[in-house]
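The block underneath contains the structure these notes are about, expressed in structure tokens.
The values are calculated or read from the model by the stated rules, or taken from the named source; none is laboratory data. Since the structure is predicted, the reported quantities are computational estimates derived from the model, not experimental observations. Glycine gets a Cβ as well: all are built from the backbone with ideal geometry, and neighbour counts include every protein chain shown.
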Amino acid sequence: MQQLIIAATDMELAAVRSRLQNAAGVTFAVTGAGMVATACALSDMLARRRYDVVVNVGIAGTFTPRLALGQVVLVERERIDGYGAESAEGSVSLFSGGEITCPCVNDFPSLQPFPKVSGLTVNLLTESPARVAARKNLYGAAIETMEGAAFFFVCLRSQVKFLQLRGISNVVGVRDKSQWKTAEALENLANVVQILFTELQNFQNSQICKV
């Protein structure tokens, strides 16, 4: 089984790569941060080679106190911030079909203990309380990333099976990295990916979700 594991940055991929560096059938790639870089890089990779499963890993901010810093989550739904229409009065209506889902989140027993969450993909990280509150109220997402929705779109369009796993590094809106738990989040994330890899070795391709 051929697996592609991607992350936005070298830092986010390093711990996972270290754990699986000698694993057969695993390719690692850094896409660059943000939706455009992720969509372009991943589209190119999937056009050149067919993979059985693609896994997106990295850190994420949390909108909710229900998720602890350092915790690992499985993303089942994604939206893009600003994907809609804003009226002159400032109200926003989301385009129908704006939420996209991952059909594979229930296929792996090893991942079922981890929270399944909704993600919001943004182009701009902010520490503005007003902007953070507006995003939280409008979308109701649990986590924030800069790549998740693009990853979902490309994988669905390419008809490849996929998963997005994130380690919670910070509270959304807190840009003071002394208050983040990045190292803990990435270490826990690497542990989970290693468990997933072991499970995948026992899977036949037909046992995983159809996209």
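For the range 36-50, state whether one or more residues are modelled with pLDDT under 95 and closer than 19 Å to C104 by Cβ. Among the residues of the range 36-50, at least one is modelled with pLDDT under 95 and closer than 19 Å to C104 by Cβ, which makes the answer yes. Kindly evaluate S118 against the criterion of being touching a strand residue (DSSP E or B) at 6+ places or on another chain (Cβ under 6 Å) and at pLDDT 95 or above. Criteria met by S118. Being of a type in the set (K, R) and buried (at least 16 other Cβ atoms within 10 Å of the Cβ) holds for only one residue in R49, R66, R77, and it is R77.
To keep it simple, each residue is scored yes or no on (1) in a strand (DSSP E or B); (2) among the polar types (S, T, N, Q).
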position: A130; (1), (2): no, no
position: A134; (1), (2): no, no
position: N137; (1), (2): no, yes
position: A149; (1), (2): no, no
position: C155; (1), (2): no, no
position: L163; (1), (2): yes, no
position: G173; (1), (2): no, no
position: S178; (1), (2): no, yes
position: A183; (1), (2): no, no
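Conditions tested, residue by residue: (1) over 16 Å from the mean Cα position of the chain (by Cα); (2) assigned to a strand (DSSP E or B); (3) of a type in the set (G, A, S).
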| position | (1), (2), (3) |
| --- | --- |
| T27 | yes, yes, no |
| A37 | no, no, yes |
| Y51 | yes, no, no |
| G58 | no, yes, yes |
| G61 | no, yes, yes |
| T64 | yes, no, no |
| V73 | no, yes, no |
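All conditions but one from (1) modelled with pLDDT of 95 or more; (2) surrounded by fewer than 19 Cβ atoms within 10 Å (Cβ to Cβ) apply to E99; the one that does not is (1).
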